[in-house]
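The values are calculated or read from the model by the stated rules, or taken from the named source; none is laboratory data. Here the structure is a predicted model, which means the values were calculated and not measured. Cβ placement follows ideal geometry from the backbone for every residue including glycine, while neighbour counts extend to all protein chains displayed.
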Amino acid sequence: MPKDGGIGASTKRREDIRFLTGKGRYTDDINLRGQAYAYFLRSEVAHGRINHIDTKTAAAMPGVLTILTGDDFVAMGGNPAGWLIHSRNGDPMKEPKRPVLAHGKVRHVGDAYAVVIAETYQQARDAAACIDADITDLPAVVDMARALSDSTNLVHDEIGTNQCFDWGWIEDNRAAVDAAFATAPHITTLQLINNRLTPNAMEPRASLGDFDPGTGDYKLYTTSQNPHLHRLLIAAFVMGMPENKLTVIAPDVGGGFGSKIYHYGEEAAVLQAAKLLNRPVKWVAERSESFLSDAHGRDHVTKIELATTKDGEFLALRTETMANVGAYLSNFSTATPTFLHGTVMAGPYKTPLIYVNVKTVFTNTAPVDAYRGAGRPEATYSLERVIDKCARELGIDQAEIRRKNLLTPDQFPYQTPVGLVYDTGNYQATLDKLTDIADLAGFEARRATSAKNGKLRGLGLSTWVEACGIAPSNLVGVLGARVGLFDAATVRVNATGNISVMTGAHSHGQGHETVFAQIVADRLGIPAESVDIVHGDTSKIPFGMGSYGSRSLSVAGSAMTKAVDKIIAKGKKIAAHMLEASENDIEFKDGSFSVAGTDKAKTFGEIAFSAYVPHNYPLETLEPGLEETAFYDPANFTYPAGAYACEVELDPDTGHVTIASFACADDFGNVMNPMIVNGQVHGGVGQGIGQALLENTTYDENGQLLTGSFMDYAMPRASDVPYYTVDHSCNTPCTHNPLGAKGCGEAGAIGSPPAVVNAVIDALHRAGHSHVTHIDMPVSPARVWAAMNQA
Amino acid sequence: MYDFTLVKPKNLADAVAAIADGAQALSGGQTLLPTMKQRLADPGTLVSLSGIPELHGVCKGDGGIIIGGATPHAVVAREAAKYYPALAALANQIGDPAVRNRGTIGGSIANNDPSACYPAAALGSGAIIQTNTREIAADDYFRGMFETALHEGEIVTGVKFPVPQKAAYIKFVQPASRFALVGAFVAQFADGVRVAITGASNNGVFRWAEAEAALSANFAPKALMGLTLPADDMISDLHGTAEYRAHLCGVMVKRAVMAA
Ligand SMILES: Cc1cc2nc3c(=O)[nH]c(=O)nc-3n(C[C@H](O)[C@H](O)[C@H](O)COP(=O)(O)OP(=O)(O)OC[C@H]3O[C@@H](n4cnc5c(N)ncnc54)[C@H](O)[C@@H]3O)c2cc1C
């Protein structure tokens, strides 16, 4: 039994009280004296040359304070890509400048090219309508294949191509992989699309810029998943100011899913305007702007081939992918289709030979970047779909073909052919657990019941592994990362024994305030109520790379654990002095420092008090105070894994697919709060079901966004998802971090889409529609019906 | 949103007068307000119909039930159930609770969205649209996508629904908006069957004559065997091709017959 409020307890989320009673404090809830408002004027065409922007009439409109255009920001730096990727031929990727506001050209519908600052938002908007922009329409580059072969219509003229890079992973494997294919007894080929998604965080992006002319300090309140990263990008790269002159505060943030990792031009623009006007400037995106300008996710077109023996043993895997980066390189956009995608292409299997090729393409669409799972859902989807197709071609049961190829527990640590070393796992255990909790044996009976009701039932599986806990800095440095990916924490014990923990992780819905308090309280043997978690403010936090890539617990949580251990170590020194014992004889347990083998003891509170009121204290050898900071850089990625089963019911008259059940057997390593982990899995699988059945960001051939509102962009609703069966009892604790934790934030979104699509194909095959080998996501009723009725 | 003035008349005559001055009617606002927020409409003055008692309520009159033009969907769902269950069920499937508590039958009928639900009920029931100046048969009222027989400034004061012996509305939802991708309203009267379909056609809600004839002869799903609609005039968009919609018309009508 876990201790109440300690590690392993399903402690209720303390932050929910303020969220559910309307007391959350989001960026838009913050209002500064004298605040003005920004409205960004966005391109209505996908591609156009800016000839002239006449702001004269607009500037004379009521309430207008200033109007800035791309010209006003040319002296500033570009918003950089965080990873430098090299092409197969050794060339560095093409890195066109991403300016604060579009300059020279507009490159996607929604590309901001002017900003009006006025006394009120309505006035700013009214004035923006009077800006006379002379923009020459250019042909839009939308389709990736066409973009690659086009040498005249270029998104960025100065780079001479629409290709950002052509990446091979691992290039040295290529010949051996091709050779294996040349002699393979069986080859399964599948062409598929990983559909483009709009993140749709509940809170739209917002920024409030402030400048203090007395000190020259800037302050930015913004919707960020990583305030320090924002500070670095804005200060060091874009605006060119010392980092110590900028404070970035990300208060309560209503969801991000990746989209709020990145620095966007609006943030620098409000800061610059605040300085020019000497007034705070606020901008809050409307939902329409979110659709147009938040970084989208996924958007891959892939050909995947799997070479096997006649009885389904995997011999080699080869993929060719076109990945859309949109009009500009967003901060993680070059890492997502490469090192977050190619490196996990081995999945949980022992496939000996793998080669991945990815061409990234500029198009006149919004930038595309990491979205929950980032690259790993794309890899998992390709892999689990081709395995499913292969099993059908060879007449092998879906579970059987997976079981046959899964790595076995004795193979860990396992060096994959695509560059990673899996530290630990037991993939058979999760598949066995799934077989049990999903009652796979009872499927036929359930299918018969569905059939009686006129419905086609299908079963889809997915066994997956991902790499998260991002990331070991030296490794990613070799792979092209331009930042380190460690994290930090300060544990500040107050004189009265309660604790503030400053963490570099950022909670935008995850429940960190609860879980981190559990971890610290558990390790110190004190009540969780005595621990407060502070996050989201660069002026309070030592440093931190924020939250994404399922890193908060395994990286930031590990930093916190190290800091707590330093507190304990110092506490032992203080206790040794007070108890007149040798430091080596002091034991710390359940909040008490005691001399081994005696009943002499001091409570944690007494030690803390002594540290701040050092009357009886070894001042000659020890500083007063009880506060420790630790930085933690992981030795490796972590490798959560799992086995998912989805059952669908398909209405053969309409093609409508209902998720009948969804079961997850996950290995997240040690689990800190099972309830929160369940919630993460529910949410992730919900997003995966959304991708599989409903969501699809669509541009027409002119680059106009067809899914610009919730009237056309289909989000999953409660009635689209089932009651989930979630298990995380098959734990193989991570071997290289102090918590043994692997991370669970992205798992659901990674493992679920292929299970859903596999189930739909299964339902169709069992009903005799064996000509349907694939349907692209979203598997909408219209697409299913068309597939069933294709000649 | 652009600035606007809101007028809240207490009776129909004042509302008519205000609208005659060039103002626009505001009923539940579920269509109009989102349009205004996007600055796609700038009505200047809005005349709220919600405070006019004579436009509210569900009552039984001769030849059917009359629903006041400003009656919200939720009220219809609740109060029409005992007179006309199929109509109440339709109202209960419109949007979400917030939409149903604000949106009104008059607004829906006046707007005549090609994917809206009420037009199918009105046409499928042979309803009479009542306005401040006249009564219009549903067959003459719906004139194509967002087009009606209403004159400038004319207000829908009520809709009179003859109550059939049997009826049902089956809607196949567009996955994002949950409006009708295709919705079929089937009503059996003593003198024949009416079938109205929404969501499918480029010309808005329409009656399917062949299905009506077949079902009037035999009100059973099998009467529809072999009947299909041409895809030529069907809507084709992100959510379904014209062919798919034409197919769904048949499926939805069949299911409505089974549910009636
Ligand atoms: C999220 C959402 C989901 C929805 N789902 C559905 C759905 O599933 N099915 C469906 O059918 N509808 C749906 N709707 C639309 C909803 O039913 C609206 O209520 C309806 O379309 C308009 O009614 P209203 O009272 O809100 O009209 P308003 O928005 O107030 O007005 C609409 C138009 O009609 C005019 N008008 C209003 N009342 C009158 C009148 N009495 N006489 C003359 N003109 C008038 C107005 O001037 C305006 O031009 C949905 C709406 C939303 C926002």
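List of remarks:
- Some residue of segment A:41-62 being surrounded by fewer than 16 Cβ atoms within 10 Å (Cβ to Cβ) and at positive phi: no
- Filter result (within 12 Å of chain A (Cβ to nearest Cβ) and among the small types (Gly, Ala, Ser)) within segment B:26-38: none
- Scanning segment B:79-90 for residues that are more than 9 Å from the ligand (Cβ to nearest atom) and of a type outside the set (Phe, Trp, Tyr) yields B:GLU79, B:ALA80, B:ALA81, B:LYS82, B:PRO85, B:ALA86, B:LEU87, B:ALA88, B:ALA89.
- Test result for A:ASP653, within 14 Å of chain B (Cβ to nearest Cβ) and acidic (Asp, Glu): yes
- Among the conditions (1) in contact with a Phe, Trp or Tyr (Cβ under 6 Å, 6 or more places away or on another chain); (2) farther than 15 Å from A:GLY297 by Cβ; (3) away from every other protein chain (no Cβ under 13 Å), the only one that A:PRO753 does not satisfy is (2).
- Only one of the listed residues (B:ASN101, B:ASN92, B:ASN112) is in contact with a Phe, Trp or Tyr (Cβ under 7 Å, 6 or more places away or on another chain), in the same structural domain as B:ILE66 (by TED's automatic domain parsing) and among the polar types (S, T, N, Q). That residue is B:ASN112.
- Residue list for segment B:180-195, filter: more than 14 Å from chain A (Cβ to nearest Cβ) and not polar (S, T, N, Q): B:PHE185, B:VAL186, B:ALA187, B:PHE189, B:ALA190, B:ASP191, B:GLY192, B:VAL193, B:ARG194, B:VAL195
- Here is the figure for segment A:389-423: residues that are out of contact with any Leu (no Cβ under 8 Å at 6 or more places or on another chain) and part of a helix (DSSP H, G or I) total 10.
- Residue check, A:THR732 more than 16 Å from the ligand (Cβ to nearest atom), farther than 21 Å from A:GLY297 by Cα and of a type in the set (Val, Ile, Thr): yes
- When residues in segment B:1-38 are screened for being crowded, with 20+ Cβ neighbours inside 10 Å, more than 10 Å from the ligand (Cβ to nearest atom) and assigned to a loop (DSSP other than H, G, I, E, B), 0 of them pass.
- Per the listing A:ARG298, A:ARG318, the residue uniquely modelled with pLDDT of 95 or more and at positive phi is A:ARG298.
- Sole residue being away from chain A (no Cβ under 14 Å), in a helix (DSSP H, G or I) and either within 18 Å of B:ALA116 (Cβ to Cβ) or more than 20 Å from the chain's Cα centre (by Cα) (or both), chosen from B:ALA41, B:ALA74: B:ALA74
- Scanning segment A:691-703 for residues that are at the interface with chain B (Cβ under 10 Å from one of its Cβ atoms) and closer than 16 Å to A:SER752 by Cα yields A:LEU693, A:LEU694, A:GLU695.
- Counted residues, segment B:159-179 - those being more than 9 Å from the ligand (Cβ to nearest atom) and either away from every other protein chain (no Cβ under 14 Å) or closer than 30 Å to A:THR198 by Cα (or both): 14
- The requirement of being surrounded by 20 or more Cβ atoms within 10 Å (Cβ to Cβ), within 14 Å of another protein chain (Cβ to nearest Cβ) and under 20 Å from the mean Cα position of the chain (by Cα) is fulfilled somewhere in segment A:669-690, by at least one residue.
- Evaluation of A:MET777 against the conditions (1) more than 14 Å from chain B (Cβ to nearest Cβ); (2) in contact with a strand residue (DSSP E or B) (Cβ under 8 Å, 6 or more places away or on another chain) shows that the sole unmet condition is (1).
- Residue in segment B:126-137 that is within 14 Å of chain A (Cβ to nearest Cβ), surrounded by fewer than 18 Cβ atoms within 10 Å (Cβ to Cβ) and near the ligand (Cβ under 9 Å from one of its atoms) present: no
- Segment B:103-116, subset near the ligand (Cβ under 6 Å from one of its atoms) and under 13 Å from B:SER27 (Cβ atoms), residue farthest from the other protein chains (Cβ to nearest Cβ): B:GLY106
- Residue under evaluation B:THR198, criteria (1) over 17 Å from B:ALA138 (Cβ atoms); (2) away from chain A (no Cβ under 11 Å); (3) in contact with a Cys (Cβ under 9 Å, 6 or more places away or on another chain), criterion not met: (1)
- Residue in segment B:124-133 that is assigned to a helix (DSSP H, G or I) and closer than 23 Å to B:GLU212 by Cα present: yes
- The set of residues from segment A:696-735 being touching a Cys at 6+ places or on another chain (Cβ under 9 Å) and of a type in the set (Phe, Trp, Tyr) comprises just one member, A:TYR724.
- For segment B:140-153, the set of residues classified as under 16 Å from B:SER201 (Cβ atoms), touching a helix residue (DSSP H, G or I) at 6+ places or on another chain (Cβ under 9 Å) and touching a residue at least 40 places away in the same chain (Cβ under 8 Å) consists of B:PHE142, B:PHE146, listed by residue number.
- Looking only at residues of segment A:301-358 that are β-branched (Val, Ile, Thr), under 20 Å from the mean Cα position of the chain (by Cα) and more than 19 Å from A:ARG196 (Cα to Cα), we find that the one that is surrounded by the most Cβ atoms within 10 Å (Cβ to Cβ) is A:VAL344.
- Checking every residue in segment A:722-734 against the condition of being farther than 16 Å from A:GLY683 by Cβ and assigned to a helix (DSSP H, G or I) gives zero matches.
- Selection count where residues are under 15 Å from A:PHE609 (Cα atoms) and either among the small types (Gly, Ala, Ser) or outside the structural domain of A:SER558 (by TED's automatic domain parsing) (or both), scope segment A:489-499: 2
- Residue in segment B:211-229 that is more than 20 Å from the chain's Cα centre (by Cα), buried (at least 24 other Cβ atoms within 10 Å of the Cβ), away from chain A (no Cβ under 14 Å) and not basic (Lys, Arg) present: yes
- Matching residues in segment A:110-145 - criterion: being part of a loop (DSSP other than H, G, I, E, B) and over 22 Å from A:GLN163 (Cβ atoms): A:GLY110, A:GLU119, A:THR120, A:ALA129, A:CYS130, A:ILE131
- Residue count for segment B:44-71, restricted to those that are closer than 19 Å to B:ALA120 by Cα and assigned to a strand (DSSP E or B): 6.
- Count - residues of segment A:704-729 that are in contact with a helix residue (DSSP H, G or I) (Cβ under 9 Å, 6 or more places away or on another chain), within 25 Å of A:HIS774 (Cβ to Cβ) and within 14 Å of chain B (Cβ to nearest Cβ): 7
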